[in-house]
1. Mind putting together the pair-distance distribution for the range A:2-140? All Cα pairs, 5 Å bins, whole percent per bin, short to long.
2. Using Cα centres only, tell me the gap between the range B:68-88 and the range B:91-105 in whole Å.
3. Measure up B:Lys20/B:Lys69; B:Lys20/B:Lys85; A:Lys68/B:Lys77 against 18 Å on the Cα-Cα distance and list the ones that go over.
4. Quick query: amide H of B:Leu23 versus all other amide H atoms, modeled in the peptide plane; which residues come in under 5 Å with a sequence gap of 5 or more or a different chain?
5. Could you work out how much longer the chain between A:Tyr52 and A:Thr14 gets when fully extended? Use 0.36 nm per residue separation minus the Cα distance between them, nm to one decimal.
6. Just to verify a number: FRET efficiency for B:Ser54 and B:Asp16, C-beta to C-beta distance, R0 = 22 Å, to 0.05?
7. With every protein chain kept in the model, how would you rank A:Asp46, B:Asp63, B:Asp8 by accessible area, 1.4 Å probe, largest at the top?
8. For the pair B:Lys27 and A:Ala30, how long in nm is the line joining their label points, each one 7 Å along Cα→Cβ?
Amino acid sequence: MLKRQASTSDGGRTVHCTHCGRAQEVARRAMSVFCVHCTQRLIIEDYTITSYHATRMFATCGDIVVEKSGFVSAPIRVRQLTVRGRVQGNVEARGCVRIDRTGQFRGDIVAPRLVVADGAQLNGYLRIAPSSAGDRMEERAP
Amino acid sequence: MAADTGGDFPTIIGPDANFKGELRFEKAVKHLGRFEGTIESKGRLLVAEGASLSGDVKAETIDVQGEVKGNLHATGKVCLTSTAKLEGDLHTARLEVNEGAVFVGRCVVGANGARPTQESKPAAETKPAVDTRPQADQGRDRAAVGGKR
Ligand SMILES: [Zn+2]
């Protein structure tokens, strides 16, 4: 249903908590850790979605790619999101959200950067401005 | 990138112009100054870098490189370049956004976005983007998207 892959990015060993937004160092090979600030469990893997995936909350400190055959129905908290298939749910991203020309997105987006290719379908409220998502996540900190 | 700065604009609002009111045109306008009011056209509007526009725009194609506060409605395409700042709602058939663009507002892109009736529906303002209705109802919507208008 969905392929998990360990994060391969070189400088990606500082992660930001998907619950409180605060940064911490994690081991290079780690796939999940507990946040040292809020003690919540964090997934730090990258995901590639190639089929239907519905969940109550889809959160990772890594990246998510929804391929052309993929369909995600969930609120998403992520570093970078690439949509080539379908996504239905509100997104908070710390990095860039990319919607390719085959992508269909329905939901709200809070992110510092957005790239939309000609042909993409999009419906929702957008807040695209530098430091958008980071600020919002930090507000939830206890 | 659609937003070229070439010379195919019969009308240019210069960088020192400060315009208030209602603007209508047929072909294309390149806007370099300050504009407050409404713009209606079947053609193309380019809001160049450094220019500002506050008010609603209806056109076929809208290219934004500068600052816009207001609602945009395009029957064709809207292009936000990396220097663009848009605060307002956007309805368009096709959208292209480059990395770096700032955008705060509601966004409807696709066959639904170009439809003029969408705008006059007040319910669209408060309705959540994510549909929570039963699957059967959503399917009806999807079928309508595929339709002609
Ligand atoms: Zn935390």
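1. Pairs per bin, as whole percents: 2, 11, 21, 24, 20, 14, 6, 1, 0.
2. Spelled out, the Cα-based centre of one part sits 6 Å from the other.
3. The answer is B:Lys20/B:Lys85; A:Lys68/B:Lys77.
4. Excluding prolines and chain starts, which carry no amide H, the hits are B:Thr38, B:Ile39, B:Glu40.
5. Full extension from A:Tyr52 to A:Thr14 adds 10.7 nm.
6. 0.80
7. I get B:Asp8, A:Asp46, B:Asp63, largest accessible area first.
8. Output for this residue pair reads 6.3 nm.
The values are calculated or read from the model by the stated rules, or taken from the named source; none is laboratory data. Small disclaimer: the values here were computed from a predicted structure and weren't measured. Backbone-built Cβ (ideal geometry, glycine too); neighbour counts: all protein chains shown. The protein model used for the area step is the full one, side chains on, heavy atoms only, and it has no ligands, DNA or RNA in it. Shrake-Rupley method; radii C 1.70, N 1.55, O 1.52, S 1.80 Å.
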